[in-house]
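Here, each number is a calculation from the coordinates, and none is a lab measurement. These figures come from a predicted structure and were not determined experimentally. Cβ: placed from backbone, ideal geometry, glycine included. Neighbour counts: every protein chain shown.
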Amino acid sequence: MTLVGVLSDTHGTLPLRAYEALADCDYIIHAGDIGDRSILAELGTLAPVAAVLGNNDFPEYGKDVSRFARPVIDGVRFLVAHYPRDVRISMFGNSAVAPGDPIPDICVHGHTHVPEIKFGAEVRPVKFIVCPGSVSRPRGGSVPSVAKIDIDDGRILQVRIETLDGKPTLSVGRGRAAE
């Protein structure tokens, strides 16, 4: 089994509790508004990191950080972007997925600072759209949070939002494939 940690909107601050919350992850996704190169370096001490640029970022992170990331982790295809509109896929594709391209299983975005997991008919053709919220500047009455995704050999077992005190606030799946 592989545990993927997801965070967004650090805005130059990686709280110790966020770092600790991601310490058990095998892979980390940062959905933009990074704010400081050192954050990616710190996260990289825990696990491999895929990151995208947010509206407050500039190309200072190098060629591996751009508007979109498309990691395939343990057989699960991800599409990562900062803006929610950039991960919505129609039958005509979108700016990151052209018609005929493989459809991602999970789309991840940031920007709203509000944690959310969407699934079902609302997000088809993908299985999940996940926003981890923000670890540094939550909005909409939310608290600092990250998302965690359990996957195994191409199956999505569980998708959850955890507050930085480790309490799950929203969870989809219970150890079975969440299809």
Practice problem: Starting from the amide H of Thr169, placed 1.01 Å from N in the peptide plane, find each other amide H under 5 Å away whose residue is 5 or more places distant or on another chain. | Solution: Ile161, Glu162, Thr163
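Can you give the calculated 222 nm mean residue ellipticity of the chain, where each DSSP H run of n ≥ 4 adds -39,500 (n - 2.57) and the sum is split over every residue, rounded to the nearest 500 deg cm²/dmol?
One gets -2000 deg cm²/dmol as the mean residue ellipticity at 222 nm.
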Quiz prompt | Considering only the chain, percent of DSSP beta bridges that pair antiparallel, nearest 5 | solution = 65 percent
Quiz prompt | Under 5 Å, built H, 5+ apart or other chain: amide partners of Ser66 | solution = Leu53
Exercise. Note the per residue figure in Å³ for the convex hull of the C-alpha positions in the chain.
Key: 106 Å³
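Net charge around Gly5, counting only other residues with Cβ within less than 12 Å of its Cβ (Lys, Arg = +1; Asp, Glu = -1)?
Local net charge: -3.
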Exercise. Could you tell me the number of lysine pairs in the chain with C-alpha atoms less than 21 Å from each other, where the two lysines are 8 or more residues apart or belong to different chains?
Key: 5
Practice problem: Please check the chain for the longest run free of trypsin sites (Lys or Arg not before Pro) that are loop-located per DSSP (anything but H, G, I, E, B) and have at most 12 other Cβ atoms within 10 Å. | Solution: 64-138
Self-check item: Vicinal HN-Hα couplings computed from phi for the range 60-73 (Karplus, 6.51 cos²θ - 1.76 cosθ + 1.60; Hz; Gly/Pro x)
Solution: 6, 8, x, 5, 7, 10, 9, 5, 10, 10, 10, x, 10, 10
